[in-house]
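> Quick one: structure below, then a few questions.
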């Protein structure tokens, strides 16, 4: 099992992108407070490095992400200036509306929800319907979905986490998930990976995460990604939409952010050609989408 250094990853990928000098330039002391999802940390580090020319130690010390939904609360409350973030739960948007805070969001990249099993599990692919059966509790044994005669141990994430929101929106689509026991509901993304990889549950366990995190940030030789309907997740199938469970991620600011503020400049830059080069150079699928007001 190997946990990649996020700052090392961000800086290594940053060096491979020649156009980054075009990033808005600012002093470290003027850099906005950036928050967001766990899986966008490498992008946050690379963006600060490109905008300020700071060292890796400075970027690592300056930036931490409080996770998807929590980061929206921080932006609304004024503790953060800019988010690089996956879609949150509806609670976050409701909180902004109740607080009379309008948000601006632009897609800057695309990721996907992926399903992981232990390599000892012989199944290579599940259909969409089979995944729903697993997570409603309709299928409780791997033989129910074409596998071996073993109980299914289905891990979930905590409520309002980015991957849980993706699971409910992209896969379940309004179908109620089964109520997982506490020991099958993990707080952290790395915990879920490690639990699925554990020899204790092999090859019974299944879980889910986002592709970028599994592929670039937290690799583990004791997990394998499932195909969905015979389509394997990778940057190509995510970009094309051939892999079914894709979702954009966003840059987000408050609508009242001044036009000349550092956060507004970075927000605007991330959908330019140079900004998209930064996103792609950091290993994400780059997507520049239309602005959304929330």
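> Kindly indicate whether residue 51 is outside any helix (DSSP H, G or I) and more than 21 Å from residue 189 (Cα to Cα).
Numbers: outside any helix (DSSP H, G or I): no; more than 21 Å from residue 189 (Cα to Cα): yes.
So residue 51 fails the test.
> Between residues in the range 280-294 that are over 25 Å from residue 102 (Cα atoms) and residues that are modelled with pLDDT under 95 and in a loop (DSSP other than H, G, I, E, B), which pairs lie under 7 Å by C-beta distance while being six or more apart or on different chains?
If the second residue must be modelled with pLDDT under 95 and in a loop (DSSP other than H, G, I, E, B), the pairs left are 281/16; 281/17.
> Would you call residue 275 touching a residue at least 60 places away in the same chain (Cβ under 8 Å), crowded, with 21+ Cβ neighbours inside 10 Å and farther than 30 Å from residue 123 by Cβ?
Working: touching a residue at least 60 places away in the same chain (Cβ under 8 Å): yes; crowded, with 21+ Cβ neighbours inside 10 Å: yes; farther than 30 Å from residue 123 by Cβ: yes.
When the stated conditions are applied, residue 275 passes them.
> If a residue must be part of a helix (DSSP H, G or I), modelled with pLDDT of 95 or more and either under 26 Å from residue 246 (Cα atoms) or in contact with a helix residue (DSSP H, G or I) (Cβ under 8 Å, 6 or more places away or on another chain) (or both), how many such residues does the range 75-91 contain? I'd like the intermediate steps shown before the answer.
Quick first cut of the range 75-91, residues part of a helix (DSSP H, G or I) only: 75-77, 90-91.
After this cut, where a residue has to be modelled with pLDDT of 95 or more as well, the list is 75-77.
Cutting the leftovers down to either under 26 Å from residue 246 (Cα atoms) or in contact with a helix residue (DSSP H, G or I) (Cβ under 8 Å, 6 or more places away or on another chain) (or both) gives us 75-76.
So the count comes out to 2.
> A further question follows. Among the residues in the range 47-59, are any assigned by TED's automatic domain parsing to the domain that holds residue 260, under 30 Å from residue 164 (Cα atoms) and at pLDDT below 95? I'd like the intermediate steps shown before the answer.
Residues of the range 47-59 assigned by TED's automatic domain parsing to the domain that holds residue 260: 47-59.
Applying the additional criterion that residues be under 30 Å from residue 164 (Cα atoms) yields 47-48, 59.
When the remaining residues are screened for being at pLDDT below 95, the result is 59.
Yes, the conditions are met somewhere in the range 47-59.
> Tell me, please, whether a residue that is in contact with a helix residue (DSSP H, G or I) (Cβ under 9 Å, 6 or more places away or on another chain), part of a loop (DSSP other than H, G, I, E, B) and at pLDDT below 95 can be found in the range 95-110.
no
> Check off (1) in a helix (DSSP H, G or I); (2) closer than 25 Å to residue 67 by Cα for residue 209 and give me the number that stays unchecked.
Going through (1) in a helix (DSSP H, G or I); (2) closer than 25 Å to residue 67 by Cα one by one, residue 209 breaks only (1).
> Only one of these is part of a helix (DSSP H, G or I), outside the structural domain of residue 92 (by TED's automatic domain parsing), under 20 Å from the mean Cα position of the chain (by Cα) and more than 19 Å from residue 166 (Cβ to Cβ): 275, 236. Name it. Reasoning before the result, please.
Values: 275 fails: outside the structural domain of residue 92 (by TED's automatic domain parsing).
After ruling out the rest, the residue left standing is 236.
> Residue 151 passes all but one of (1) in contact with a helix residue (DSSP H, G or I) (Cβ under 7 Å, 6 or more places away or on another chain); (2) surrounded by fewer than 20 Cβ atoms within 10 Å (Cβ to Cβ); which number fails?
(1)
The values are calculated or read from the model by the stated rules, or taken from the named source; none is laboratory data. The model shown is predicted, which means the values in this text are computed figures rather than measured ones. Here the Cβ is made from the backbone with ideal geometry for all residues, glycine too, and neighbour counts use every protein chain on show.
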